[in-house]
Amino acid sequence: MRTHLSLEGKLWEGHVTGVCWQDDRPLDKLRPVADNTELFCCPVQHLDDVLLQESHVAELFGTPLVLMRRQSQFLTIPRHYVQDEHTGPGPTNPTAVLLTSIKNGFASDTWYAGNGRPWAMAWRKDGKPLTPETFETILEFISIVVQDIASVFVSDGWCPMKEQFTPQAFQLFSRRYFREQREKGRLSFEGPFEPL
């Protein structure tokens, strides 16, 4: 029986707490994400045959996330963005957004989605709470930066994508995003503001 989870030397014992979502649906079909995301708390010993991966892009702006799903599910995720300049952004799911490479704006293809109702999970590596509202804000922040960068070139005076993902930029974005959601009447965004 498993007593801990390990990823690059970091151990989780007891329980992991975070959010889960149906990962075989495109992000635009899950919006608003917080309304389609559930909180979870799971004993580590119940997590066998799992694949763990860190979201390096989220870690850049101060929200170090670990993603988890069962390894026995075998459908590859779609690429984050289609490279063809005529087709523009392609369909994506939350995991593809979280696994976006800061080098090229594409998701890692090492992650697998399953058949039926494949659920993926995420929690914060630093032990801070991850609410559905914060999770939605993280996804929207990454998406908006990648979309903006995809439409311009560094040679036109824009800084590289990595330099857009800072804790300061995320805090500014998330405060504005929380306020906009409250103004839309989304009561769950009335709670404590704790994106970082």
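On the basis of being outside any loop (DSSP other than H, G, I, E, B), in contact with a Leu (Cβ under 9 Å, 6 or more places away or on another chain), at pLDDT 75 or above and surrounded by fewer than 20 Cβ atoms within 10 Å (Cβ to Cβ), does Leu67 make the cut?
no
Tally the residues that are surrounded by 14 or more Cβ atoms within 10 Å (Cβ to Cβ) and either out of contact with any Asp or Glu (no Cβ under 7 Å at 6 or more places or on another chain) or modelled with pLDDT of 85 or more (or both), restricting the search to region 22-44.
14
Name the one entry in Gly90, Gly105, Gly157 that is of a type in the set (Gly, Ala, Ser) and either closer than 22 Å to Asn36 by Cβ or at pLDDT 80 or above (or both). Even if it seems obvious, please write down each step before you answer.
Numbers: Gly105 fails: either closer than 22 Å to Asn36 by Cβ or at pLDDT 80 or above (or both); Gly157 fails: either closer than 22 Å to Asn36 by Cβ or at pLDDT 80 or above (or both).
Just a single option satisfies the conditions, and that option is Gly90.
Given the criteria closer than 18 Å to Asp28 by Cβ, at pLDDT below 90 and not hydroxyl-bearing (Ser, Thr, Tyr), does Gly191 qualify? Give the derivation first.
Working: closer than 18 Å to Asp28 by Cβ: no; at pLDDT below 90: yes; not hydroxyl-bearing (Ser, Thr, Tyr): yes.
No, not satisfied.
The values are calculated or read from the model by the stated rules, or taken from the named source; none is laboratory data. Owing to the predicted nature of the structure, the values given are computational and were not obtained by experimental measurement. Reconstructed Cβ throughout: ideal geometry from the backbone, glycine too, with neighbour counts over all protein chains shown.
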